[in-house]
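The structure appears right after this line, and notes come after that.
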Amino acid sequence: MVALAVMAMLSLSSCVVTEDLHILKDNSYSSAFDFSVEDFFIAVLQDFNDFMPSDSNETIMDGAIADFQKALESGISTSNVSMQKLNDNAYKGTFDFTNIEQLFSDLGAGSNQTILVQQGKTLHFNLSMDNYDQLVPVIPFLSDENFEAFGPTYNQGLSEADYLEMISFMLGEEGPGAISKSVITLRINTPGIITTFSNGKKISDQVFEFSFPLIDFLLLAKPISFSVSWK
C-alpha cells in the first residue's frame, strides 16, 4: 500500500521499494517501508526541479515525501507517523493505523475504492486502468503536468520496448536499464497461518510476499493484483 504510493511518487525513478505491513491480532496495522533511488535519477529529478516554480530549496522528492507525511498525519485512522531521510538517495518511514480501507479512503481514494479491500481474513489488492483514477487523488504527484506523461494514462497500448525507447530519448541512455531493474516488494505479515494466496509467494507460515517490476505500473497493460488469506 505505502509501496504503491512511493512507487507512484517515483514514477521516473530507478528504485528499490520494500514495504512490510503487519496485520495484528486486534485488527490494527503497522507499516514500515524503505526505498532507494539511483544517482542517475536524482540528477534527472534535480533537472525537473530547476524548472518548477518554488520559494523553497526543497527537492521534488523531499516535497513529495513531506506531502505524503502530511496526508498520513491528517488521517483519522493513522498514528505514530515517522519519515526519515537517510541520504540523498534513500528514505524510510513507519506508521500505525486502525482500518486498512479507511486509510486509503482518508488519503483520497473515496469510500468506494476497490484497490485495497480486506474481507474478514482475506486481503485483496487490485490495480488496473479501471480503478487507476482512484489512486490519483491519493498521490497528487501522479497528476503533476511534469510527470503524468510518464504514467499509464498517457501510455496505454504502448509496448515495453517502445516505452523504454521513449525514456531513452527523454532521459538519456541510462534511463531504460535503470527503470527495467526497479522492483516493488510488498511483504504482508498476517496474524494467523496463511491458508491460500494468489500471485506472490509464501515465505513463511505468516509472511506473504508480492513483487513486481516498476515498468508494470508505468504501463498497467494488465492488472497488478494479489490476495492472501489466513486462519
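Taking the conditions exactly as written (out of contact with any helix residue (DSSP H, G or I) (no Cβ under 6 Å at 6 or more places or on another chain) and of a type outside the set (Asp, Glu)), does GLN118 satisfy them or not?
For GLN118, the condition - out of contact with any helix residue (DSSP H, G or I) (no Cβ under 6 Å at 6 or more places or on another chain) and of a type outside the set (Asp, Glu) - is not met.
For region 84-107, the criterion of being hydroxyl-bearing (Ser, Thr, Tyr), open to solvent by 60 Å² or more (accessible area, probe 1.4 Å) and free of Cβ contacts under 8 Å to residues at least 24 places away in the same chain is met by no residue. Scanning region 207-221 for residues that are of a type in the set (D, E, K, R) and either open to solvent by less than 20 Å² (accessible area, probe 1.4 Å) or more than 22 Å from THR122 (Cα to Cα) (or both) gives a single hit, ASP216. In region 124-149, the qualifying residues are those that are open to solvent by less than 10 Å² (accessible area, probe 1.4 Å) and under 17 Å from MET61 (Cβ atoms), and the one that is modelled with the highest pLDDT is ILE139. Residues that are on the phi < 0 side of the Ramachandran plot, of a type outside the set (Val, Ile, Thr) and without any contact (Cβ under 8 Å) to a residue 60 or more places away in the chain within region 178-212 comprise SER180, PHE197, SER198, LYS201, LYS202, SER204, ASP205, GLN206, PHE208, GLU209, SER211, PHE212, listed in sequence order. Among residues of region 213-230 that are touching a residue at least 60 places away in the same chain (Cβ under 8 Å), those with a beta-carbon under 8 Å from a residue that is aromatic (Phe, Trp, Tyr) and open to solvent by 20 Å² or more (accessible area, probe 1.4 Å) at least six positions away or on a different chain give the pairs PHE226/PHE197; SER227/PHE197; VAL228/PHE197; SER229/PHE197. Remark: pairs (first residue in region 117-138, over 22 Å from VAL228 (Cα atoms); second residue charged (D, E, K, R); Cβ separation under 7 Å; 6+ apart in sequence or on different chains) are absent.
The values are calculated or read from the model by the stated rules, or taken from the named source; none is laboratory data. What you see is a predicted model, and the numbers here were worked out from it, not measured in a lab. Methodologically, a virtual Cβ is constructed for each residue, glycine included, from the backbone with ideal geometry; neighbour enumeration extends over all protein chains shown. Quick note on the areas: whole protein, heavy atoms, side chains included, nothing else; ligands and nucleic acids left out. Shrake-Rupley method; radii C 1.70, N 1.55, O 1.52, S 1.80 Å.
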